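See below for the structure under consideration.
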Number of protein chains: 2
Amino acid sequence: MENIDYKGLFPNWDMLTAEQQQLLLDSCYEKKYNKGQQVHGGNESCLGMLVVKSGLLRAYIVSENGKEITLYRLFPGDICLLSASCVLRNISFEIFIEASKDSEICIIPTDTFQQLSESSIVFSNYITELMAARFSDVMWILEQTLFTRFDSRLASFLIEESNIEQSKTLSITHEEIAMHIGSAREVVTKMLKYFTQEGIVELSRGKIHILDMRKLYGLVQ
Amino acid sequence: MENIDYKGLFPNWDMLTAEQQQLLLDSCYEKKYNKGQQVHGGNESCLGMLVVKSGLLRAYIVSENGKEITLYRLFPGDICLLSASCVLRNISFEIFIEASKDSEICIIPTDTFQQLSESSIVFSNYITELMAARFSDVMWILEQTLFTRFDSRLASFLIEESNIEQSKTLSITHEEIAMHIGSAREVVTKMLKYFTQEGIVELSRGKIHILDMRKLYGLVQ
């Protein structure tokens with residue numbers, strides 16, 4: 001597994017013992033996921049920590065009646081901790097992770113994870129930091145949901161999506177947007193119609209064209 | 001500080017070295033807060049980890065226009081980690097903590113906190129567990145906010161409050177309830193009127209009397 005730069009991933013890689021470094025290098029393995037494939041949650045077992053090599057993952061939660069909201073997305077170089085939730089004490093919620101694009105992932109198995117947590121204070125502190133980062137992501141979602149107007153949340157999402165796709169034309173359905181931001185399709189459609197009237201976007205079959213990025217940013221602030 | 005049972009608080013107290021145990025015992029100090037007093041956030045500086053000896057603390061977030069939602073409450077024996085947020089890496093949100101009742105609190109100062117995080121793997125793993133517990137609390141709030149009907153959320157809150165106060169008569173305003181569950185006063189008032197019609201509660205000035213606990217539990221499920 002030469003092509004993973006653990007030095008870049010673990011800020012204190014050099015503070016791990018040679019033995020611990022070797023354990024990481026020996027035990028991790030690579031897996032490929034196709035776009036739309038489930039990586040964690042549901043029927044998938046608890047893999048361990050994931051390091052995204054290429055592609056894009058989406059972490060989300062689902063209600064009993066199938067409503068979804070995206071918690072965070074994982075880009076190349078990002079590490080997913082909650083996919084090791086089975087070995088994390090006190091995590092009482094279940095998240096789902098799916099591949100939003102074809103993705104290559106390195107998996108650090110749960111037993112390696114546990115061995116390192118129990119033997120390396122550097123690793124243990126790093127886990128705390130990773131958890132704090134995801135905790136902060138979720139707090140942002142909570143604040144958005146509770147305190148932010150829907151037009152502003154939709155504008156944020158379109159900007160984020162445009163950045164990810166590096167394009168002003170987004171191939172995404174109203175249903176998919178609703179699932180990302182925890183809303184209903186009807187509500188998304190209504191607001192997109194308003195955005196159209198304001199000359200901010202233009203809609204065509206299965207596509208949204210952003211016409212006025214400045215107005216979109218204006219809605220976020 | 002003889003009267004804090006650290007053995008009960010830190011599951012692995014015995015796995016700390018005698019030196020680390022002594023550091024904890026020597027550096028922590030006690031502080032009293034009156035009901036309504038701010039403990040953390042706003043103008044209060046970053047105290048460190050808090051151990052609740054008596055009373056009740058409330059952790060919450062506030063929007064720009066003053067809307068609030070309660071994230072979790074801390075009872076005697078509970079430990080608050082996020083009051084040490086200034087020494088936690090990657091925590092990018094601000095929470096507020098206030099005393100909901102007159103409270104006695106033991107404070108583990110931030111430098112002790114940092115020394116122990118860096119020297120004890122037992123302590124570091126414990127911090128991860130504490131963070132995971134608060135993270136789970138917040139995920140529950142997020143799921144409630146997104147996925148749960150308002151009548152059910154209000155019913156949950158009344159049951160919880162009744163348990164805390166050990167009484168079926170709650171001295172709380174509609175405004176305060178709205179702040180706890182992240183809603184608006186009008187919405188709370190309207191739902192309480194519906195609960196009254198259904199014979200679930202009876203309202204009088206500044207008080208809510210729970211008449212039918214079974215119906216209330218029925219709304220939660």
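The values are calculated or read from the model by the stated rules, or taken from the named source; none is laboratory data. This is a predicted model, so every value here is computed, not measured. Quick reminder, even Gly has a Cβ in these numbers, built from the backbone with ideal geometry, and neighbours come from all protein chains shown.
Take the residues in segment A:97-127 that are within 14 Å of chain B (Cβ to nearest Cβ) and aliphatic (A, V, I, L, M), then tell me which one is farthest from the chain's Cα centre (by Cα).
So, considering only residues that are within 14 Å of chain B (Cβ to nearest Cβ) and aliphatic (A, V, I, L, M), the one farthest from the chain's Cα centre (by Cα) is A:Ile121.
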Residues in segment B:170-210 that are under 16 Å from B:Arg58 (Cβ atoms) and in a helix (DSSP H, G or I): how many? 7
Residue in segment B:97-106 that is buried (at least 18 other Cβ atoms within 10 Å of the Cβ) and closer than 24 Å to B:Gln21 by Cα present: yes
Restricting segment A:139-169 to residues that are touching a residue at least 24 places away in the same chain (Cβ under 8 Å) and among the hydrophobic types (A, V, I, L, M, F, W, C), which is nearest to the other protein chains (Cβ to nearest Cβ)? A:Ile141
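The rows are residues; the columns are (1) assigned by TED's automatic domain parsing to the domain that holds B:Asn65; (2) under 25 Å from A:Glu64 (Cα atoms); (3) out of contact with any Ser or Thr (no Cβ under 7 Å at 6 or more places or on another chain); (4) not basic (Lys, Arg).
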position	(1), (2), (3), (4)
B:Asp102	yes, no, yes, yes
B:Val122	yes, no, yes, yes
B:Val138	yes, yes, yes, yes
B:Ser167	no, no, yes, yes
For the list (1) buried (at least 16 other Cβ atoms within 10 Å of the Cβ); (2) of a type outside the set (Val, Ile, Thr); (3) not in a loop (DSSP other than H, G, I, E, B), I need the number of the one condition that A:Glu160 fails. (1)
Filter segment B:54-100 down to the residues that are among the acidic types (Asp, Glu) and either without any contact (Cβ under 8 Å) to a residue 40 or more places away in the chain or not assigned by TED's automatic domain parsing to the domain that holds B:Leu130 (or both) and list them by number. B:Glu64, B:Asp78
Considering only strands (runs of 3 or more DSSP E) wholly within segment B:12-96, the ones with at least 1 residues that are surrounded by fewer than 19 Cβ atoms within 10 Å (Cβ to Cβ), of a type in the set (Gly, Ala, Ser) and within 14 Å of the chain's Cα centre (by Cα) are B:48-54
Looking at this structure, is B:Val188 in contact (Cβ under 8 Å) with a residue 40 or more places away in the chain and not assigned by TED's automatic domain parsing to the domain that holds B:Arg58? no
Quick one: which of B:Lys101, B:Lys67 is touching a Gly at 6+ places or on another chain (Cβ under 8 Å) and within 21 Å of B:Leu9 (Cβ to Cβ)? B:Lys101
Looking only at segment B:63-84, decide whether some residue is within 22 Å of A:Glu129 (Cβ to Cβ), in contact with a Cys (Cβ under 6 Å, 6 or more places away or on another chain) and away from chain A (no Cβ under 12 Å). no
Which condition breaks for A:Ser152 when tested against (1) in contact with a strand residue (DSSP E or B) (Cβ under 9 Å, 6 or more places away or on another chain); (2) closer than 23 Å to A:Thr189 by Cα? (1)
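Does A:Glu129 meet the test of being within 28 Å of A:Gly218 (Cα to Cα), charged (D, E, K, R) and without any contact (Cβ under 8 Å) to a residue 40 or more places away in the chain?
When the stated conditions are applied, A:Glu129 does not pass them.
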